[in-house]
Each structure stands twice: as C-alpha cells, then as structure tokens.
Amino acid sequence: MDYKKNYLDIVKTRVKESRYIHTLGVIETAVKLAKIYNVDIDKTRIAASLHDIAKYIDIDKQKEIIHKNFGQEFLDSLVPQVYHGPVAYVIARDELNIDDQDILNAIMNHTIGRIHMSTLEKIIFVADFSEPNREFKEAKICLDKAIKSLDEAVYYALDQQLRHLESKGYKIAMIEYDVRDYYRRLTNLE
Ligand SMILES: [Fe+2]
Ligand SMILES: [Fe+2]
C-alpha cells in the first residue's frame with residue numbers, strides 16, 4: 001500500500017465539487033481528532049479522503065457491487081443512502097489496493113457505524129458528521145463532544161441521524177438502532 005499516493009486526486013475526478021469540499025473538511029477534522037487520540041495520521045488521511053468516493057456511482061451498480069461482494073442478505077439490510085460506504089470499501093480494496101483492514105473498515109462503516117468500532121472508525125464517523133462545512137448546529141456540538149469522548153460523539157451523531165431520518169419518514173435498518181443503543185449503553189457506563 002502506498003501511503004504517499006494522493007488518493008484525493010482520484011476522488012476529485014469522481015465526485016461533485018461540493019462533495020470534494022466536504023471531503024476536505026472531513027480530512028481536516030479527522031486529522032485534528034487523530035492527533036488527540038494518537039491515531040496514525042497517514043491512515044486517517046487515506047480513510048477520510050476515500051470515504052465518499054462511491055457516492056455518485058449509479059445506484060443499480062452500487063447494488064450489484066454489494067450483492068457480489070457481501071451477498072443479498074447484507075444488501076437487504078441496508079437502505080440506499082448508505083450503499084456508498086460498502087461500495088467505497090470494495091473500490092479501496094480492489095481498485096486502489098488498500099490492504100489495511102482498519103482503513104477499509106473506517107470507509108465501510110462511515111455511514112451507519114458499527115458495534116466495537118476502532119478509534120479510527122469512530123474518528124471518520126464523527127468527522128463525517130461534524131466537519132466545518134456542515135451547516136447544522138449539531139455538527140459543532142458533536143465536535144465539542146468528540147474532543148472529550150469519541151463514544152459520546154458517536155452516540156450523539158447516530159442519535160441525531162436517526163431522528164432526522166425518522167422525521168423524514170425514511171426506512172431505517174434495525175441494525176442502526178442496535179448500534180445506537182450500544183453506544184448509549186457504553187457512554188452511560190463512563
Ligand atoms: Fe458518506
Ligand atoms: Fe461524507
């Protein structure tokens with residue numbers, strides 16, 4: 001794996017300008033958190049750069065990639081808005097030859113999180129929600145929490161996302177509630 005390769009240049013050719021600007025914000029925030037939590041900066045940059053690389057792939061193609069790599073049951077457990085996480089995982093692994101499992105997991109799980117996320121996964125998840133180009137006030141609240149406790153920030157971001165989706169009437173996968181409940185229990189123990 002080439003840590004020096006500029007993955008951002010590849011992303012730039014595949015996403016809209018607004019998404020590229022969001023990606024720069026995620027890198028900035030993720031690196032800030034990585035310094036606080038002693039996570040490798042190169043790995044953090046790579047995961048943040050690539051997390052939304054699949055965002056504009058045709059939805060039927062995304063479905064096909066998930067079906068081929070993870071199976072129908074997994075595909076059925078997801079809603080279309082989150083397909084681009086697992087699809088980006090496949091692109092990073094198979095096309096860009098990224099072999100670091102922690103980076104791949106951080107890319108894969110940036111949309112809905114998972115139980116037992118690593119510190120890098122939590123950082124990418126939280127940075128995606130709280131980067132400076134996000135216009136909702138919850139972004140700043142989330143970042144303030146992240147500086148003190150990543151688990152609390154993950155719980156906060158998940159809870160906000162689920163409330164938002166519920167208010168819009170979107171279908172939500174049960175696994176997302178399970179993940180939120182896991183982080184709620186975890187933060188209550190602290
Ligand atoms: Fe995303
Ligand atoms: Fe994102």
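The values are calculated or read from the model by the stated rules, or taken from the named source; none is laboratory data. Predicted model only: the values in this text are computed from it and were never measured. Here the Cβ is made from the backbone with ideal geometry for all residues, glycine too, and neighbour counts use every protein chain on show. Calculation scope for accessible area: heavy atoms of the full protein, side chains included, ligands and nucleic acids excluded. Shrake-Rupley method; radii C 1.70, N 1.55, O 1.52, S 1.80 Å.
Below, the figures for the structure above:
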| read-out | value |
| --- | --- |
| Selected residue [at negative phi, touching a His at 6+ places or on another chain (Cβ under 6 Å) and modelled with pLDDT of 95 or more] from K55, K43 | K55 |
| Any chance S18 is out of contact with any helix residue (DSSP H, G or I) (no Cβ under 9 Å at 6 or more places or on another chain) and more than 16 Å from I107 (Cα to Cα) | yes |
| Residue list for the range 33-44, filter: touching a residue at least 24 places away in the same chain (Cβ under 8 Å) and not in a loop (DSSP other than H, G, I, E, B) | L33, A34, I36, D42, K43, T44 |
| Any hit, the range 62-80, residues being closer than 18 Å to D100 by Cα and away from ligand 1 (no atom under 16 Å from the Cβ) | yes |
| Only listed residue being within 15 Å of ligand 1 (Cβ to nearest atom), touching a Leu at 6+ places or on another chain (Cβ under 9 Å) and part of a loop (DSSP other than H, G, I, E, B), chosen from G113, G85 | G113 |
| Residues (part of a helix (DSSP H, G or I), out of contact with any Ser or Thr (no Cβ under 6 Å at 6 or more places or on another chain), open to solvent by less than 30 Å² (accessible area, probe 1.4 Å) and within 28 Å of A34 (Cβ to Cβ)) located in the range 45-82 | I46, A47, A48, S49, L50 |
| Residue list for the range 117-139, restricted to those being surrounded by fewer than 20 Cβ atoms within 10 Å (Cβ to Cβ), at pLDDT 95 or above and either in contact with a Pro (Cβ under 9 Å, 6 or more places away or on another chain) or not in a helix (DSSP H, G or I) (or both) | S118 |
| Unique residue being more than 11 Å from the chain's Cα centre (by Cα) and touching a residue at least 24 places away in the same chain (Cβ under 8 Å) when the list is L96, L120 | L96 |
| Residue in the range 147-164 that is assigned to a helix (DSSP H, G or I) and either touching a strand residue (DSSP E or B) at 6+ places or on another chain (Cβ under 6 Å) or in contact (Cβ under 8 Å) with a residue 60 or more places away in the chain (or both) present | yes |
| Scan of the range 165-186 for residues that are of a type in the set (S, T, Y) and open to solvent by 70 Å² or more (accessible area, probe 1.4 Å), ordered by number | S167, Y170 |
| Selected residue (only one of L150, L162 is surrounded by fewer than 19 Cβ atoms within 10 Å (Cβ to Cβ), more than 16 Å from ligand 2 (Cβ to nearest atom) and of a type outside the set (F, W, Y)) | L162 |
